[in-house]
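Data first, discussion second: the structure below is written as structure tokens.
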Amino acid sequence: MAKIISVANQKGGVGKTTTAINLAAGLAKAGRSALVIDVDPQCNATSGLGVEPAQRHPLLAGRPLAESVVETSQPKLFVLPGSQSLADADALSASNRQRASTLRQQLNGELSGYDFVFLDCPPSLGQLTRAALGASAEVYIPIQCEYFAMEGLSQIIDLARQTKAKDNHRLEIGGIVLTMYDPALDLANEVAEEVRGYFEETVFDTLIPRDVHISEAPSHGVSVLDYSPRARGAWAYAELAMEVIDRE
Ligand SMILES: Nc1ncnc2c1ncn2[C@@H]1O[C@H](COP(=O)(O)OP(=O)(O)OP(=O)(O)O)[C@@H](O)[C@H]1O
Ligand SMILES: [Mg+2]
């Protein structure tokens with residue numbers, strides 16, 4: 001059965017989409033099939049994997065989801081494209097408890113053939129993120145190794161706890177991913193230490209470095225593992241994929 005993981009943090013630009021794409025790509029390279037579901041109307045995960053956004057969000061199209069899944073240029077890596085329509089975002093967000101349980105059934109029933117499913121969430125604690133958490137077994141929280149990294153972390157963690165208590169008893173905080181790490185900055189090391197001190201083994205050992213190849217890859221519609229396989233950023237996401245497999 002697919003392991004369904006939301007990648008969420010209400011803070012913008014912390015590496016949610018980058019982590020969803022490249023971690024899925026790393027898992028696919030390791031032989032695990034991975035599907036990225038784009039629930040963010042920005043559709044960055046969709047375009048970052050070289051795919052056009054959908055007119056209607058596949059989760060609302062009323063067709064079997066499998067028909068809307070798009071192959072990427074990488075074997076075993078798939079995307080369920082997002083839609084830029086705000087009406088779709090509203091519809092996906094509507095009546096969240098109902099939607100979360102429908103979404104959970106849809107994903108578990110129709111997409112059980114994948115090893116991993118990642119839901120790339122928008123930067124908010126709104127209904128889209130709530131619906132995604134409601135349908136997931138785990139949430140991964142990327143945080144940027146910069147000042148204020150910890151600020152706001154309690155909000156996403158509280159939302160995960162509330163969701164677990166109310167709608168989705170199996171939800172766990174599967175991991176915190178430290179992103180955009182620059183070893184030359186004392187501050188980055190301090191942040192990494194502080195987060196580890198607080199969240200202990202929930203934090204993945206792998207540090208994702210700040211690496212320009214990571215930021216260039218989406219404009220080529222491929223993961224950094226294909227764009228620049230020898231780049232530090234590619235190694236890091238491959239290593240993170242191994243950690244995820246070890247935690248299975
Ligand atoms: N490790 C990294 N090194 C260099 N650039 C990075 C790295 N991770 C992410 N970026 C860049 O930082 C920007 C924000 O990353 P990303 O889009 O993954 O964040 P996000 O949390 O999904 O943002 P949003 O909240 O808008 O959805 C992007 O331009 C991305 O290419
Ligand atoms: Mg994003």
**Request:** Determine ³J(HN,Hα), in whole Hz, for all residues of the range 203-212 in sequence, where each value follows from phi through the Karplus function 6.51 cos²θ - 1.76 cosθ + 1.60 and θ = phi - 60°; x replaces Gly and Pro.
**Result:** 7, 5, 5, 5, 9, 7, x, 6, 8, 4
**Complete:** Given a 1.4 Å probe, the accessible area of the range 3-247 per residue, as a whole number of Å², is 43
**Asked** Using just the C-alpha positions of the range 98-248 as equal point scatterers, what log10 of I(q)/I(0) does the Debye formula give at each q in 0.08, 0.10, 0.21 1/Å?
**Response** -0.25, -0.40, -1.41
**Prompt:** So how far apart, in nm, are the two label points at Gln106 and Glu193 if each is 7 Å from Cα heading toward Cβ?
**Reply:** 4.6
**Asked** Relative contact order, percent, of the range 3-247 when contacts are C-alpha pairs under 8 Å separated by at least 6 residues?
**Response** 26
**Item:** Per-residue ³J(HN,Hα) for the range 185-198, Karplus 6.51 cos²θ - 1.76 cosθ + 1.60, θ = phi - 60°, Hz, x for Gly and Pro
**Value:** 9, 4, 4, 4, 5, 4, 4, 4, 5, 5, 5, 5, x, 8
**Prompt:** Counting each DSSP H run of 4 or more residues in the chain as -39500 (n - 2.57), what helix-only mean residue ellipticity at 222 nm follows after dividing by all residues, to the nearest 500 deg cm²/dmol?
**Reply:** -12500 deg cm²/dmol
**Asked** How large is the dipole of the chain about the Cα centre if only Lys and Arg carry +1 and Asp and Glu carry -1, each at its Cβ, rounded to the nearest 20 debye?
**Response** 820
**Asked** Given H placed on each backbone N at 1.01 Å, which residues far from Ile37 in sequence or on other chains put an amide H within less than 5 Å of it?
**Response** Leu80, Phe118, Leu119, Asp120
**Request:** May I ask which residue of Gly175, Phe116, Ala238 lies farthest towards the positive end of the charge dipole of the chain, with charges of +1 (Lys, Arg) and -1 (Asp, Glu) on Cβ and the Cα centre as origin?
**Result:** Phe116
**Request:** Using a 1.4 Å probe over the heavy atoms of the protein chains, calculate the carbon and sulfur portion of the accessible area of the range 78-237 as a whole percent.
**Result:** 51
**Complete:** Once amide hydrogens are built 1.01 Å from N within the peptide plane, the residues lying 5 or more places from Ile176 or on another chain with amide H under 5 Å from its amide H are Ile141, Val203, Phe204
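The values are calculated or read from the model by the stated rules, or taken from the named source; none is laboratory data. Being a predicted model, the structure only gives us computed values, none of them experimental. Every residue, glycine among them, receives a Cβ derived from its backbone with ideal geometry; neighbour counts consider all protein chains shown. Side chains are part of the model used for accessible areas, which takes the heavy atoms of the whole protein and leaves out ligands, DNA and RNA. Shrake-Rupley method; radii C 1.70, N 1.55, O 1.52, S 1.80 Å.
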